Structures are given as structure tokens and as C-alpha cells.
1. Taking 0.36 nm per residue of sequence separation and subtracting the Cα-Cα distance, how much length would be gained by fully extending the chain between K90 and D282, in nm to one decimal?
2. So how far apart, in nm, are the two label points at D204 and L402 if each is 7 Å from Cα heading toward Cβ?
3. Which residue fluctuates most in the GNM of the chain (Cα springs below 10 Å): N67, N320, N170?
4. Using a Gaussian network model of the chain whose springs link C-alpha atoms within less than 10 Å, name the residue from L44, L388, L333 with the highest mean-square fluctuation.
5. Enumerate the calculated ³J(HN,Hα) couplings along the range 370-381 in order (Karplus 6.51 cos²θ - 1.76 cosθ + 1.60, θ = phi - 60°), each rounded to whole Hz, writing x wherever the residue is Gly or Pro.
6. Classify the range 1-133: rounded, prolate or oblate, from the alpha-carbon gyration tensor (a ≥ b ≥ c, eigenvalue square roots; a/c under 1.5 rounded; otherwise prolate if a/b is larger than b/c)?
7. Using a Gaussian network model on the chain with a 10 Å cutoff between Cα atoms, which of I32, I56, I257 fluctuates the most?
8. With θ set to phi - 60° and the Karplus curve 6.51 cos²θ - 1.76 cosθ + 1.60, what are the ³J(HN,Hα) couplings of the range 26-34 in order, to the nearest whole Hz, using x for Gly and Pro?
Amino acid sequence: MRKSIVVIGLQWGDEGKGKIVDLLSSQVAAVIRFQGGHNAGHTLVVDGAKTILHLIPSGILREGVVNVIGNGVVVSPDALSSEIEMLESKGIPARSRLKVSTECPLVLSCHVALDLVREHKAGGTKIGTTGRGIGPAYEDKVARRTVRIGDVFDTRSCIEKIERLYDYHNFVLTKYHGVAPIEVHTTQEELTQFAELVRPLACDTVELLQGLSGQILFEGAQGSLLDVDFGTYPFVTSSNTVAGAAITGSGANLFEIDEVIGVVKAYTTRVGAGPFPSELNDRDGETLAQRGQEFGSTTGRARRCGWLDVKALRRTIQINGVTKIYLMKFDVLDTFKEIKICVDYEGDSNIQSAFSSNPSGTLSVKPVYESLPGWESDTTSVRSYAELPKEAQTYVERLKELLGVEIAGISVGASRDAMVNSHQLLNP
Ligand code: GDP
Ligand code: IMO
Ligand code: MG
């Protein structure tokens, strides 16, 4: 049986999953996205050129790698078309490297309208979604009224499905939310065009994966603390973001997974509302934001910043069965005199109660920190573990001890090659 890899974020997203998937994709036959939608923003930097992907898997830059959008992903026809166009305008033959499951639910204009009006009306209790219609699209999937990619090839029945869907949602938009309805004809025309684009890409992923002989890499989006079950509910996304979703969102089977790679930022960030125990609202937080360029890859919103939270990480490592960690954005810590790690929450050892919040997302627990000396030197050109400053090595060793998982690589810059040699880390 082939042995495959799942790559997932262990925090609140934007850990640097795109960089790791791009890096590891040189070793695999296929990269498959299994959940989320274009709420994701995965950044790849290769030879100074930056590419931000929202829906298309992060193996797309590699010739000979099949990139698959699995059934667990909700697909916006508009976002997929623009992303293909963006890549092809840069000379990347996206369509010849891409496949899309016929079972993907579509994200349509009515979903975006619902997402936006709900957030607007929620005021102080809003989730701070990306406004891409992701939540309403997943709701339609489980309500069994969604339009799927496979539906767009039969024009007549597709028109009927969209009419029924819009009938329902326009009632809610106009009568409950008091806003304008969404034009059903515009969506129908868009889908007729989209059908032409997607026809050669559409496939049954079960068959596709079965036919591949090499390793598969399953690319997660968001992070485990945004998981609809295990995250900081209700301040979460609407899909399961944990490793288990790699199976249900792709058509692979349980026994194909051999490795679960957790991507962890060396500190913590969060976009949108909700509890964040180790959040900093001081100079250190500003330094992290500024040095880490912490602005969302999808919405451009400022990311909230704080120290690394080992208490939360232990839980996400457990849920996902993480076998290896990649530690990202290590260079962002280069200027700190003192670096803190949240190891517990004061007077409350139960993480779920720490994460349960009042309606506006604020929380009542205080983090307990362990403090380590910073290295106060530039690590961006370091490529081997032995070259890292002593304090930096101490920090990594302490993390390994606290997390109980092997750290397979340390990222010290956005570009593909800015990695501290993992072999030397394993055998320092
Ligand atoms: P993803 O959603 O997990 O793929 O992460 P994003 O792409 O949203 O955010 C990560 C950001 O950090 C991107 O702008 C990356 O180019 C950048 N990045 C990744 N790794 C490093 C690193 O080691 N150091 C620095 N300074 N930036 C990094
Ligand atoms: P990547 O894959 C960070 C957050 C939103 C919001 C919550 C719900 O780039 O790590 P949604 O639009 O999904 O209904 O919003 O989830 N969120 C992300 N935060 N990175 C992401 O993706 C995210 N995708 C969604 O900010 O708090
Ligand atoms: Mg991102």
C-alpha cells in the first residue's frame, strides 16, 4: 500500500502550509486539497516570485504533479476561473496540472450575500469571516440542496436546481434579512460558461487516486483551532480542518496515510474574532505583526498576534496524530531579547472551557508563560541546525520537549529554499 502525507495547520491558519506543501510536492505524484474553499490563502515564494493560491493546491508550480481539488472543497466558479487565469498569465499551465472532483459543492452569489448580511447584522458578535460564502455553501451541502460541479454539465436540470436554490435563499434574503434578492439569471449564465472551463478538469477522485502510483500529499486549509468541531466554536470555519477530513474530503482510504505533518508558526496569529489566550496587545505584539508582515493573504486584514501556545498545540497534535512538525517564521523572533511560550492557562487546566467564550468572543483565562532568552541575531541565511545561535537551539529543543514531536524543519524566510536543514536537526 502506498504511504501518503497529510499537511495541516495546527493553529488558527496562515502557519505557512503553502510553503511546506510546495516544498514537499517535489516528492509526490499528486497534491489534493480536501476541505475549505477560497477562504484560504496559501503563499508560495520561488526565485523571488510570489504566488498566492486560494483554491488550487500548492503543488501547481511543479511539472508532473497532479493537483486535485477534492470533494470536500467548496468551489466558487468565479474564484476558480480567476485563479486559473492568474496562473496561466504567469506562464504556469494550470489546467494541464489540475483535476476537480465532480462532487464539489459550488459557492454561488447567494452564499456570499448570506455570509455578508449575517456578519453585518451580527455587529459585535460577528465571526469575522472572510466573506466568501463558505459557511452558507457548507450548510447547503449538508442540507442536500447544493449544486455540485457534476451538475453543471446538464444545463436544463442545472437551471432548475439553481432556481430552486435561489427561491429558498432569496426568500431569506428579502423577507428575513430585508436585503435585495440575487438575480438567478446571472448565476445561470456564469455556470454555463464555467461548465466549458471545468469539463476537461472534472473527474471522480476515487478513480483518479486509485490510478496513481506515487505518493499523495493531502493539503489542509485553515488550522485545527478553526475546525468546526474541535476549534474555538462558534468562532471557527464551517469545515473539519483536522487530518481526518483528508479521507472524507478526497476519496482516499484511511490506510493510505502514513505521515501527518503539522505546520506551526513560531508564535501565534488569528484573523477574525474569537478567543486567543496568548494574544498580545503591546509592543511585542506589534513587533510580531510588523516583522511577520501579518496581514491576511485572502482579505488583507491585520492578523492578531501573540506568543506560541503550547497548551493549545498539545491538543491539536493529539487530535491529528501529528508525526512531524515544521516550525515556521522562526526568523520573525530574531530581534527579541526574551521569548515567551504559553505552557498553561491560569487556574484552569481544561482547554475547552478556556476556549468557550462569551458571545463577543472574549475569554476569561490568563496564560501562564515560560520565558526563554532570545538569540538577537539574524537567522535568515542559516541553512543548517549547527549554524543556529545557541539560544535558538535551546528554544527549539525546549519546544520539542514540550510538544513531544519531532521537529523536521525550521523555516527562516518566505522563500522555498529558506529552510534550516532538517537532517542535521534530527541528528544534531
Ligand atoms: P498558509 O495559509 O498556512 O499557507 O500561510 P499564508 O501564506 O497565509 O501565510 C504565511 C506567510 O508567511 C506568507 O506571506 C509566507 O510567504 C510567509 N512565510 C512563510 N514562511 C516564512 C518564514 O519562515 N519566514 C517569514 N518571514 N515568512 C514566512
Ligand atoms: P489558510 O488556509 C486564517 C477564518 C476567518 C474567520 C473564520 C471563519 O490561509 O490558513 P470563513 O470565511 O471560513 O467562514 O471564516 O475562519 N479563516 C482563516 N483564518 N487562515 C485561513 O486560511 C482562514 N480561512 C478562514 O478569518 O475567523
Ligand atoms: Mg493563509
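1. 65.1 nm
2. 4.9
3. Fluctuation is largest for N170.
4. Answer for the Gaussian network model of the chain: L388.
5. 10, 10, 10, x, x, 9, 6, 8, 6, 9, 5, 9
6. prolate
7. It is I257.
8. Karplus values, whole Hz, x for Gly and Pro: 5, 9, 10, 8, 8, 10, 10, 7, 10.
The values are calculated or read from the model by the stated rules, or taken from the named source; none is laboratory data. For clarity, every value in this text was computed on a predicted model and none was experimentally measured. When we count neighbours, we look across all protein chains shown, and the Cβ atoms used for this are built from the backbone with ideal geometry, even at glycine. Each accessible area value is taken on the protein alone, full model and side chains, heavy atoms only, with ligands, DNA and RNA left out. Shrake-Rupley method; radii C 1.70, N 1.55, O 1.52, S 1.80 Å.
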